[in-house]
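Notes for the one structure printed next.
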Amino acid sequence: MSGMDDAVLELRAVHRTHGSGPAAVHALRGVSLVVRPGELVAVMGPSGSGKSTLLALAGGLDRPTRGDVRVEGQPLGALDRRGLAQLRRRRIGYIFQQLNLLGSLSALENVALPLELDGVGGRRARAAALAALTEVGLPALGDRFPDQLSGGQQQRVAIARALVGERRLVLADEPTGALDSQTGEAVLHLLRRRVDTGAAGILVTHEARHAGWADRVVFLRDGVLVDTTAPLGSVEQLLSGSDR
Amino acid sequence: MSIRHGLLALLERGQMYGYQLRAAFEESTGSTWPLNIGQVYTTLSRLERDGLVRPLPESEAGQRPYEITDAGRADLALWFATPISRTDRPRDELAIKLALALTTPGVDVRSVVQAQRSATMRTLQELTRLKYGSDRPEDMPWRLVLDSMVFQAEAEVRWLDHCESSLVRHQPNGPTTHPPRPPDPGATDGARWVDEEARR
């Protein structure tokens, strides 16, 4: 590993305070975190510990009060609103519990939308959208509208939209929501697979079983990173027990 | 579960000698329960004593296979038909440790909780990684064993989360360590904590 150069996401001593004076709420207090390609990091912690704030800052949806957030080496603080919006559309995929699919667009059009908003031509955008739908196992359902899909299929379409194109940072906030355990597992499988092909991922979850899919689990408490699990060895090492 | 019933179940597939039994046992538990060959032979000789298996003539290579008897089959069927009682399992050292941490002066219970959570979470990651790597149809028995361990680890983390939030409510702004205190002739701290939880 070569320094911080290859980091997809880097948080440097990030603070986020809401309000001021005695009523100020310190959502994050000096959090530093580096996520590299091929790495999925799970963020766990009780409600109000700062998990969602961390994700919003990492995705450029919110700005830190103090400290620095970088995506692929680019300090987000140096970007204006347009630059930030462009980076979000091109490089960052978001998977939320709330799917936010547009009911008047087909599955394929929903997935192609971020690319089209970014000025990619219709045909190219559709080809990329079809590739993303294939990646999530729904190549044949592109013509369906969201209300013609099951909950699990809708979630897959939302994931395809988050993965479409060349996003190298995937941010997921409780992505398995109300899905049953098998369907939820399939969602994590997709996230894991994209990360294994070179993306970096952050998974915010309160479910230990879901965090188990990560390479590293970090624990937040009262806005501070309090602990991190040791990195995992290879499957061979795990089986032989030699990594302990 | 006992190694005894594990070996009986394997012999129900057909006759096997010691090393084959060991390999098959480890394969069916995904190497999560390593056996040494001594344990296999000790168990076989007890099974033989109890009439549940019988030794067959040695092969030319000097290996002595065993086969299951009718009594062994009956014993195995009874084992499969009988649910495993929770009280048969070893006492939970972790629960006892936390209960003691609560009542021992100078112990930061939240650190004990976090250290355990981190370790259990790491185990969960390992188990998930192993599961992710075994998706062939023939891996099914091994995946079920892994799932069982995944759910147990998950339950432990949830219980630790519960302990932590109970502690926070119990002492919202107080120190995380217990100051030394005179012995309480009534309930222990731990029991009182449980009582107060129950009253909420």
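Each value in this text was obtained by applying a stated rule to the coordinates, not by laboratory testing. Quantities reported herein were computed from a predicted structural model and do not represent experimental measurements. Cβ sites come from the backbone with ideal geometry, for glycine too, and all protein chains shown count toward neighbours.
I need the calculated FRET efficiency for the pair A:Ala78 and A:Leu117, taking r as the beta carbon distance and R₀ as 22 Å, to the nearest 0.05.
Values: r = 23 Å, r/R0 = 1.03.
For A:Ala78 and A:Leu117, the calculated efficiency is 0.45.
Which residues' amide hydrogens lie under 5 Å from the amide hydrogen of A:Arg221, considering only partners 5 or more residues apart or on another chain, with H built in the peptide plane?
For A:Arg221, whose amide H was placed from the backbone, the distant partners under 5 Å are A:Val226.
Positive end of the dipole of the protein assembly as shown, charges at C-beta (+1 Lys, Arg; -1 Asp, Glu), about the Cα centre: which of A:Gly73, B:Leu144, A:Ala24 has its Cα farthest in that direction?
Result: A:Ala24.
Just to check I understand the Karplus step: with θ = phi - 60° and J = 6.51 cos²θ - 1.76 cosθ + 1.60, what whole-Hz values come out for segment A:26-31, glycine and proline as x?
My calculation for segment A:26-31 gives 8, 6, 9, 10, x, 8 Hz in order.
Can you compute 3J(HN,Hα) from phi for each residue in segment A:92-109, using the Karplus curve 6.51 cos²θ - 1.76 cosθ + 1.60 with θ = phi - 60°, rounded to whole Hz and x for Gly and Pro?
Coupling constants for segment A:92-109: 10, x, 10, 10, 10, 5, 6, 6, 6, 7, 8, x, 8, 10, 5, 4, 4, 5 Hz.
Rounded to a whole number of µm²/s, how large is the Stokes-Einstein D of chain A at 4 °C and 1.567 mPa s, given Rh as the Kirkwood radius over C-alpha pairs? Write down the numbers at each step before the final one.
Values: Rh = 18.7 Å.
For the chosen part, D equals 69 µm²/s.
Could you list B:Thr120, A:Thr183 so that the one with the fewest beta carbons within 10 Å of its beta carbon is first and the one with the most is last? Don't skip to the answer; put the middle values down first.
Numbers: B:Thr120 21, A:Thr183 17.
Arranged by neighbour count, lowest to highest, B:Thr120, A:Thr183 become A:Thr183, B:Thr120.
Suppose R0 equals 45 Å; then what is the FRET efficiency for A:Ser32 and B:Asp50 from their Cβ-Cβ distance, rounded to the nearest 0.05? Please report the intermediate quantities before stating the final value.
Details: r = 62 Å, r/R0 = 1.38.
After rounding to 0.05, the efficiency reads 0.15.
Could you tell me which residue out of A:Leu101, A:Pro64, A:Leu113 lies farthest along the dipole of segment A:60-114 toward its positive end? Charges go on the beta carbon: Lys and Arg +1, Asp and Glu -1, centred on the Cα centre.
Sorting the options by dipole projection puts first A:Pro64.
Considering only DSSP beta bridges where both residues belong to the protein assembly as shown, give the percentage that are antiparallel (nearest 5).
Working: 24 of 42 bridges.
About 55 percent, rounded to the nearest 5.
How crowded by other chains is A:203-215, given as the mean number of beta carbons from other chains within 10 Å of each beta carbon? Mind showing how you got there, number by number?
On the way: counts 0, 0, 0, 3, 3, 14, 11, 3, 6, 15, 6, 5, 2.
Averaged over the peptide's residues, the number is 5.
Angle check, please: helix A:151-163 long axis (alpha carbons) against the longest principal axis of chain A (alpha carbons), in degrees 0 to 90, nearest 10.
70
Across peptide B:115-122, how many C-beta atoms of other chains are within 10 Å of each residue C-beta, on average? Please report the intermediate quantities before stating the final value.
On the way: counts 1, 0, 6, 8, 2, 2, 12, 9.
Rounded to a whole number, the mean comes out at 5.
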